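Visitor: I have a structure here, written as structure tokens, and I will follow up with some questions on it.
All of the numbers you see were taken from the coordinates with simple rules; none came from a lab. Everything quoted here is computed from the prediction, not taken from an experiment. Ideal geometry is used to build each Cβ from the backbone, glycine not excepted, and the neighbour counts take in all protein chains shown.
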Amino acid sequence: MIITFSSDKKFFKAVQQEAGHIFPDLEHKNISHYTTDKLKYLYEDSVQGIIFEKGFFPIPFQAWYDLLSLASRRIPVIVLSKDAPQVHNLNFHLHPPQLTNIRWINNASPQQVAKLLYTLLESNNTQVIKTSINKIPQYDPHIPLQILSTHGALSLIVVHPLGFQNIAKEYGTDAYSRLQSCFQDILADMWGSPGCFRKSDFLCKRSEFSNDYFIFFQPSRAANAIPAPGMIERATNRITTRIQTALWHELTLIGQEKRLPDCLTSSPSVAVGYSTGIINPCVEKEEIVDQLLNKSYTIAKIQHKRILERQREFMQSLIKTQGALKAHYQAIFSLTNLTKEMVIESHESGSIFPLKDLLFGFESLIRLQRDCVPEAVMKVAPLFVGQQSLRPDVLFNLAHESEVSLELDQACLAAALENCRELPGRLMINILPRNLYQIEKILPGKLFDNIVFEMSESEEIANFELILKVKNKLKDQRIGIAADDFGRGFTGIERILKIQPDLIKLDRSLVQNIHIDASKQAFLSGIVNAVENTDALIIAEGIELWEEAEVVQRLGVHLVQGFLLHRPSTKEKIMADLNENKDVDSVTSNLNSVA
């Protein structure tokens, strides 16, 4: 069926006749007078094309154009306008998108209109035309008012990204723009996708600079204007799941495929709320729409709290699951006598044995043992995180959001110290400052000498006096303190000067591509000179290229850690490597006597 909206009955009678010759099997319906209840014809399954006369609907042009844009995502649209050449130059804040499924023509004969419609129908081939991110229309109040007036009821969903503004503050406008772009693409892909919301529903952006989106539902053709109880809530849950799943999937991509900024290690919080209302003659329709939007925002916040609580339950289950968290260990070496030939020999042998005489110790790095996590735990967790996404950094971000960071940190401490005494040299373990205050309560009787606690950069130290007291007490047990990831987070100069750690670990960002960055070399040289007056040792972590190792070695860095030399491995694999020749007497270098 092809439908027309026009006041010129004679012209469209001729169009119908011409179309009848081209489409002998199609039924034609002419709607000559506009009334509010006639828009329902736009969404009948049998409709294959639409012809509009510009100005036929007595609503603002922008709202009218949004209507056409939505319709054109499903079927071809022809717009007849006396000023068609100027239509695309109209100056309003959302420029008319150049959708391939809309054709603007003027002064055309009925035969030309019918032929154009035939061309569009042939090229369309029932394929849905997806909108791109800048083609999602902005909110116009006439859209919900039209639905409310036509059907006597309105159902809507609000998509409210809570964490986007923080990205702008913490990582800058470029990261913020990439996040916005990716998020809008995700919503556009969901529009008309099975299991989300229909292509006949209205998706629009709240305003030009807002991150909020509204979805106004067209009433189902198989039901009343009011959805069945629970239907909109279930749709909201599906949309929430799809959004979060898509965001988490984006986080796992690498290279050019990844649309999210690299600074993100967890999915930004997105709240989704819903509401339904019916028309009330005693209340202005505009007020009804405002009430429904406000209610949706309220429900979105409630839904988000429920998700966070379920996330908290999930993290607690992981923490308490026996064997779910297992320590792997990455070797740390002295840089003083390291050569490229040693590194090549180690790579060729697939073992750290050629580097054993330079071994300083190991850092404990926690890995999730997915096979140990009960299936029921993964199924009920509304995290929308595939198991492949549960990297250590993701786990700690989820723990922070769920307010179980201390508990996860404690579980990782226990896993790091489990059956690791055989490892030679120093054992470096990450710890939050608040756990360091209570370390003897957390690990009673499990501490031993040669441990070095790396204070995490992710948490600010509120009590330096208490940290120093703990440090001095641990020193008597030959347990050291390291400042982790210097140059990132809270690990700055002030923290170094006040704590006076035994080791300083340089963040990966300071040494990445340092061989081609003169400013990084100058900065690192200054750090090395400043540390010379202390007893602290400097570790360059995250080294992946020999050229990087060569530069930090020349600048006087003491120790090195990274994939260039060793990837995190199990204790059993490490001991097998070191015992190749049954000789581990020289494994520990003279650098392992940290004060």
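Visitor: Under 5 Å between amide hydrogens, which residues at least 5 positions from Met428 or on another chain qualify, with H placed 1.01 Å from N in the peptide plane?
Guide: Correct list: Phe362, Glu363, Ser364, Val452.
Visitor: Amide H of Gln218 versus every other amide H placed in the peptide plane: which residues, excluding those fewer than 5 positions away on the same chain, fall under 5 Å?
Guide: Asp201, Phe202
Visitor: Mind checking the alpha-carbon convex hull of the range 134-305 and giving the volume per residue in Å³?
Guide: So the per-residue hull volume is 120 Å³.
Visitor: Can you give the extra length, in nm with one decimal, that the chain gains between Gln322 and Ile254 once fully stretched, where that is 0.36 nm per residue apart less the Cα-Cα distance?
Guide: 21.3 nm
Visitor: Here's a follow-up. Only Cα pairs under 8 Å and at least 6 apart count here; give the relative contact order of the range 134-305 as a rounded whole percent.
Guide: Value for the range 134-305: 34 percent.
Visitor: Ok, one more. Tally the DSSP beta bridges in the range 134-305 and give the antiparallel ones as a percent, rounded to 5.
Guide: In the range 134-305, DSSP labels about 90 percent of beta bridges as antiparallel.
Visitor: Moving to a separate point now. Using only the alpha carbons of the range 430-484, what is the convex hull's orientation-averaged projected area in square nanometres?
Guide: Its average projected convex-hull area is 3.4 nm².
Visitor: Further question on the same structure: Convert each backbone phi in the range 289-302 into a coupling constant with the Karplus relation 6.51 cos²θ - 1.76 cosθ + 1.60 (shift: θ = phi - 60°), then list the ³J(HN,Hα) values in order as whole Hz, x for Gly and Pro.
Guide: 4, 4, 5, 5, 5, 4, 5, 4, 5, 4, 5, 4, 5, 5
Visitor: I would also like to ask the following. Can you work out the Karplus-derived ³J(HN,Hα) for every residue in the range 307-317? Use 6.51 cos²θ - 1.76 cosθ + 1.60 with θ = phi - 60°, whole Hz, and x for glycine or proline.
Guide: Karplus-based 3J(HN,Hα) across the range 307-317 equals 5, 4, 5, 5, 4, 5, 4, 4, 5, 4, 5 Hz.
Visitor: Calculated FRET efficiency, Glu287 and Thr265, Cβ-Cβ r, R0 35 Å, to nearest 0.05?
Guide: It comes out at approximately 0.20.
Visitor: Can I ask one more? Arranged by the count of other C-beta atoms within 10 angstrom, fewest first, what order do Tyr437, Tyr274, Tyr139 take?
Guide: Listing Tyr437, Tyr274, Tyr139 from fewest to most nearby Cβ atoms yields Tyr437, Tyr139, Tyr274.
Visitor: Which entries in the list Lys441/Lys471; Lys320/Lys469; Lys326/Lys446; Lys441/Lys469; Lys473/Lys498; Lys115/Lys199 go over 23 Å, if you measure between the two C-alpha atoms of each?
Guide: Lys320/Lys469; Lys115/Lys199
Visitor: For the residue pair Lys473 and Ala576, what label-to-label distance in nm results when each label sits 7 Å from Cα along the Cα-to-beta-carbon direction?
Guide: In this crude label model, Lys473 to Ala576 measures out at 4.1 nm.
Visitor: Also: Please list, in order along the range 209-215, the HN-Hα scalar couplings obtained from phi with the Karplus expression 6.51 cos²θ - 1.76 cosθ + 1.60 (θ = phi - 60°), rounded to whole Hz, x for Gly and Pro.
Guide: In residue order, the calculated couplings are 10, 8, 9, 7, 10, 10, 10 Hz.
Visitor: For Ser200 paired with Glu547, estimate the spin-label separation in nm (one decimal), with each label point 7 Å from Cα along the Cα-to-Cβ line.
Guide: 6.0
Visitor: Between the range 315-378 and the range 185-220, how far is it from one alpha carbon centroid to the other, in angstrom?
Guide: For the range 315-378 versus the range 185-220, the Cα centre distance is 45 Å.
Visitor: Once amide H atoms are built 1.01 Å from N in the peptide plane, which residues 5 or more positions from Ser266, or in another chain, come under 5 Å H to H?
Guide: Residues meeting the criterion, in which the H sits 1.01 Å from N, do not exist here.
Visitor: Still on this structure, please answer the following. Testing the spin-label approximation: label points 7 Å from Cα along Cα→Cβ at Ser109 and Phe563. State their distance in nm.
Guide: Going from the Ser109 label point to the Phe563 one covers 6.8 nm.
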